[in-house]
Amino acid sequence: MPKVLVIDDATVMRNSLCRLLRKEGFDTVSVGDGLEALGAVGAQPPDVIVLDLNMPHMNGLEVLERLRRNLLWRTVPVLVFSGRVDAAAAKRATELGATEVLQKATVSAADLIDRIRALTNPPSLEAAVAAVPAAGTGGGRL
């Protein structure tokens with residue numbers, strides 16, 4: 001069962017998201033601020049992190065920067081999921097290594113689940129090879 005760490009200071013949002021994820025078969029851990037997040041990742045690294053940007057003590061961009069500096073956590077997919085994401089924050093999150101940046105009001109629950117599921121189930125090598133056109137089928141030139 002893939003583990004998702006939900007980092008959001010809004011208790012209602014955090015609890016709702018965890019309930020939804022558990023219903024969809026994910027194991028969840030949730031924390032309310034950036035400092036708690038780093039402790040949770042250190043205790044048991046998740047398969048995916050859902051990260052709010054606007055939090056007390058340490059904002060989401062600072063959390064993301066610290067995650068990406070640590071060799072053990074550098075490759076954990078981070079989906080930024082925040083209430084207000086301006087262009088500068090989205091750009092900075094991407095530069096820091098966010099896998100995706102989403103604004104809460106513009107994403108349905110089903111779409112969010114699909115995106116998290118895709119991050120926890122990367123395509124297999126076999127699927128990638130099967131997607132490449134066979135030689136001589138007009139799939140392109142070498």
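Within region 63-81, can you find the residues that are of a type outside the set (D, E, K, R) and loosely packed, with under 13 Cβ neighbours inside 10 Å?
Answer for region 63-81, where residues must be of a type outside the set (D, E, K, R) and loosely packed, with under 13 Cβ neighbours inside 10 Å: Leu71, Leu72, Thr75.
Condition first: polar (S, T, N, Q), modelled with pLDDT under 95 and touching a helix residue (DSSP H, G or I) at 6+ places or on another chain (Cβ under 8 Å). Can you find one or more residues in region 52-68 that meet it? Quick ask: steps written out before the conclusion?
As a first pass, look at region 52-68 and keep what is polar (S, T, N, Q): 54, 59.
Among the residues that remain, those that are also modelled with pLDDT under 95 are: 54, 59.
Restricting the remaining residues to those that are touching a helix residue (DSSP H, G or I) at 6+ places or on another chain (Cβ under 8 Å) gives 54, 59.
Taking every residue of region 52-68 in turn, at least one turns out to be polar (S, T, N, Q), modelled with pLDDT under 95 and touching a helix residue (DSSP H, G or I) at 6+ places or on another chain (Cβ under 8 Å).
Working only within region 37-55, note down all residues that are surrounded by fewer than 17 Cβ atoms within 10 Å (Cβ to Cβ) and not aliphatic (A, V, I, L, M).
Passing the criteria: Gly39, Gly42, Gln44, Pro45, Asn54.
Could you figure out which of (1) in a loop (DSSP other than H, G, I, E, B); (2) of a type outside the set (Ser, Thr, Tyr); (3) touching a strand residue (DSSP E or B) at 6+ places or on another chain (Cβ under 8 Å); (4) under 19 Å from Ala93 (Cα atoms) isn't true of Pro56?
All conditions are met except number (3).
Pairs, please: C-beta under 7 Å, at least 6 apart or cross-chain, first residue touching a residue at least 12 places away in the same chain (Cβ under 8 Å) and within 18 Å of Val80 (Cβ to Cβ) and in region 2-16, second of a type in the set (Val, Ile, Thr) and part of a helix (DSSP H, G or I)?
From residues that are touching a residue at least 12 places away in the same chain (Cβ under 8 Å) and within 18 Å of Val80 (Cβ to Cβ), the pairs are Val4/Ile116; Leu5/Val41; Ile7/Val63.
Given the conditions (1) touching a Ser or Thr at 6+ places or on another chain (Cβ under 7 Å); (2) aliphatic (A, V, I, L, M); (3) assigned to a helix (DSSP H, G or I), and given that Val41 satisfies all but one, which numbered condition is not satisfied?
In the conditions (1) touching a Ser or Thr at 6+ places or on another chain (Cβ under 7 Å); (2) aliphatic (A, V, I, L, M); (3) assigned to a helix (DSSP H, G or I), Val41 misses (1) alone.
The values are calculated or read from the model by the stated rules, or taken from the named source; none is laboratory data. Values in this document were obtained by computation on a predicted structure and should not be read as measured data. A quick note on method: Cβ atoms are made from the backbone with ideal geometry, for glycine too, and the neighbour counts reach across all protein chains shown.
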